[in-house]
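Below is one structure, written out as structure tokens; comments come after it.
Read the figures in this text as sums done on the coordinates, not as results from a lab. In this text the structure is predicted, and so the values were computed from the model without any measurement. Note: ideal-geometry Cβ built from the backbone for every residue, glycine included; neighbour counts use all protein chains shown.
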């Protein structure tokens with residue numbers, strides 16, 4: 001008995017690439033999707049041909065290359081170039097064209113805005129297919145590493161530490177030169193003086209930044225906290241998903257945390273799908289200012305409430321335990337005493353790039369003889385409550401979350417599983433581009449690939465292909481109707497001009 005035997009490598013076969021690609025392969029969906037798009041409207045570079053010189057590759061070909069590559073964890077331009085030569089599906093997709101790695105890299109670098117427009121067009125198309133309804137959206141973020149090492153990211157403490165170390169080395173070298181001249185030590189001294197000057201320049205730049213840090217290789221990247229409290233330089237990617245079919249509908253690269261991102265992401269979702277009713281997000285997005293902005297946008301928020309420091313120390317005397325009377329603008333404490341305010345708004349200024357806000361103070365004289373004082377506060381002047389100008393929005397949001405716990409729990413199902421696919425399965429845990437705009441372009445590119453792959457789970461292969469072809473035919477029908485209307489309009493204008501000329505209203509008009 002022998003092992004299973006393969007075929008002879010030298011056997012000549014009559015075989016086409018079409019036969020070598022599975023009939024229901026994802027690569028056929030990518031091909032049909034890109035062929036369906038009118039790429040000229042998205043502003044891709046190298047779309048218009050020059051009269052002279054070597055013709056460029058069609059943007060549609062390179063877009064197919066990237067969508068296939070990102071879905072199969074082939075992201076670098078050199079690996080994509082290699083796949084064009086030895087990957088059968090890639091050879092079928094590109095009709096055996098083999099672009100150079102530099103051409104591949106430049107396409108990704110030069111077209112971030114076009115990637116965004118393709119993504120937005122795709123989202124609008126999915127909404128037309130009734131796959132997105134905007135009744136419930138969820139927002140969350142994930143972090144990716146940037147093309148900037150932690151060594152090339154600086155803050156004031158780090159720069160000061162370097163300068164202190166260099167000053168010690170300079171003092172040692174100067175002392176050595178005072179005892180005996182040595183050219184090597186003199187060169188080291190000059191080198192350290194140059195390093196100190198560089199760090200002093202960085203220190204000046206740090207004073208101009210609002211968040212207290214600067215990156216040298218990629219200025220837009222920031223030091224962010226990843227899993228297990230490890231600090232790396234990267235980007236905080238914001239994502240929005242619709243609840244109906246878990247499709248991604250918006251993206252952005254925000255600050256290192258999520259505090260200021262809620263209203264911005266709701267606006268981006270509204271731009272893409274027009275109608276948004278409810279939004280779900282975790283406590284990282286809980287901010288009174290953002291909750292107010294969402295209400296002004298006409299969106300109902302369900303954001304997980306943040307616990308105050310007093311809630312953690314003694315929950316029985318947290319601010320939630322004090323009942324508020326809106327008409328009288330007073331609080332009642334757990335002991336039943338009335339807490340009053342002088343009506344004055346105090347300006348509370350925060351540091352580290354956070355925005356300031358206004359608060360009112362509420363207190364009572366009954367604290368002096370209260371038997372619960374030691375449990376309630378350690379302040380020698382008694383318990384003082386701070387009510388921010390956004391407290392009414394916070395209270396309404398918190399009440400909604402507490403009254404609808406099962407509805408809020410949908411958040412994880414709507415948004416978090418996509419990150420597992422993108423980061424673990426497709427290895428999108430680092431970016432290959434620099435600057436916020438280009439990184440965001442790469443995000444839109446992979447989000448487009450994710451939504452396209454998600455459609456394979458919603459429809460079967462034949463249904464999806466037929467819908468893509470039907471969309472293409474619909475575009476042709478719209479264009480044909482536009483041409484017919486334009487032709488009728490021009491005929492009517494021509495007829496009107498003849499009538500006006502015959503009536504001598506415009507004798508200078510010459511139709512010839």
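I need 453, 161 ordered by Cβ neighbour count within 10 Å, fewest first.
Numbers: 453 17, 161 12.
Sorted ascending by nearby Cβ count, the order is 161, 453.
Based on the alpha carbons, how large is the Rg to Rh ratio for region 17-110 when Rh follows Kirkwood?
Answer for region 17-110: 0.96.
From largest to smallest, what semi-axes in whole angstrom does region 182-301 give when each is the square root of 5 times an eigenvalue of its alpha carbon gyration tensor?
In descending order, the three semi-axes are 44, 14, 12 Å.
Give me the one-decimal nm value for the distance between modelled label points at residue 458 and residue 82, 7 Å along each residue's Cα-to-Cβ direction.
3.5 nm
What's the whole-number percent of alpha carbon pairs in the chain lying beyond 37 angstrom?
Above the 37 Å cut-off, the chain has 52 percent of its Cα pairs.
On each of the three principal axes of the Cα atoms of region 71-143, give max minus min coordinate, whole Å, ordered largest first.
Rounded to whole Å, the extents work out to 46, 27, 20 Å.
Using a Förster distance of 35 Å, how high is the FRET efficiency between residue 264 and residue 328, based on the Cβ-Cβ distance and rounded to 0.05?
0.45
Which order, highest average first, do 175-185, 86-96 follow once you tally other Cβ atoms within 10 Å for each residue and take the mean per peptide?
Numbers: 175-185: 10.4, 86-96: 16.6.
Output ranking for 175-185, 86-96: 86-96, 175-185.
Among 252, 399, which comes first, then next, by fewest other beta-carbon atoms within 10 Å?
399, 252
Return one number: the angle in degrees, 0 to 90 and rounded to the nearest 10, between the long axis of the Cα atoms of helix 436-458 and the longest principal axis of the Cα atoms of the chain.
Rounded to the nearest ten degrees, it is 70.
Quick check on the chain: of the DSSP beta bridges with both residues there, what percent are antiparallel, nearest 5%?
Of all bridge pairs located within the chain, approximately 80 percent are antiparallel.
Determine which residues of region 316-342 fall in the zone a paramagnetic label at residue 366 would reach in this model, i.e. backbone nitrogen under 13 Å from the point 7 Å along Cα→Cβ.
Only 322-323, 331-340 pass the distance filter.
For a Förster distance of 45 Å, can you work out the FRET efficiency between the beta-carbons of residue 342 and residue 201, rounded to the nearest 0.05?
Numbers: r = 49 Å, r/R0 = 1.10.
After rounding, the FRET efficiency stands at 0.35.
May I ask you to compute the full-extension gain from residue 318 to residue 4, defined as 0.36 nm times their residue separation minus their alpha-carbon distance, rounded to one decimal in nm? Before the final figure, lay out each step's value.
Working: separation 314, 0.36 × 314 = 113.04 nm, distance 7.30 nm.
Between residue 318 and residue 4, full extension yields 105.7 nm more.
Could you list the square roots of 5 times each eigenvalue of the Cα gyration tensor of region 150-215, that is, the equivalent ellipsoid semi-axes, sorted largest first and rounded to whole Å?
They are 29, 10, 9 Å, listed largest first.
Per DSSP H run of n ≥ 4, the term is -39500 (n - 2.57); total these for the chain, divide by its residue number, and report the mean residue ellipticity at 222 nm rounded to 500 deg cm²/dmol.
-15500 deg cm²/dmol
Using 0.36 nm per residue, how much length does the chain from residue 429 to residue 187 gain when fully extended, once their Cα-Cα distance is taken away?
82.9 nm
Any chance you could run the full-extension gain for residue 356 through residue 493? It's 0.36 nm times the residue separation minus the Cα-Cα distance, nm to one decimal.
Numbers: separation 137, 0.36 × 137 = 49.32 nm, distance 6.09 nm.
Stretched fully, the residue 356-residue 493 segment lengthens by 43.2 nm.
Under 20 °C and 1.002 mPa s, how fast does region 70-196 diffuse according to Stokes-Einstein, given a Kirkwood radius computed over C-alpha pairs? Answer in µm²/s, whole number.
Using the Kirkwood radius from Cα pairs, D works out to 101 µm²/s.
Please arrange 395, 466, 241, 323 by counting, for each residue, the other beta carbons lying within 10 Å of its beta carbon, fewest first.
323, 466, 395, 241
On a 0 to 90° scale, report how tilted helix 461-502 is relative to the longest principal axis of the chain, with both axes built from alpha carbons and the result rounded to the nearest 10.
80 degrees
To the nearest 0.05, what FRET efficiency results for residue 54 and residue 149 with a Förster distance of 25 Å applied to their C-beta separation? Kindly include the intermediate steps, with their values, before the conclusion.
Numbers: r = 37 Å, r/R0 = 1.49.
So, using R0 = 25 Å, E works out to roughly 0.10.
In Å and whole numbers, how far do the C-alpha atoms of region 351-437 stretch along each principal axis, longest first?
Principal extents (Cα only, largest first): 64, 36, 24 Å.
What angle do you read, to the nearest 10 degrees and between 0 and 90, between the alpha-carbon axis of helix 262-273 and the longest principal axis of the chain?
That helix lies at roughly 20 degrees to the long axis.
Test of understanding: extend the Cα→C-beta vector of residue 467 to 7 Å, then name every residue of region 239-267 with backbone N under 19 Å from that spot.
What the label zone holds, given the 19 Å backbone N cut-off, is 241-250.
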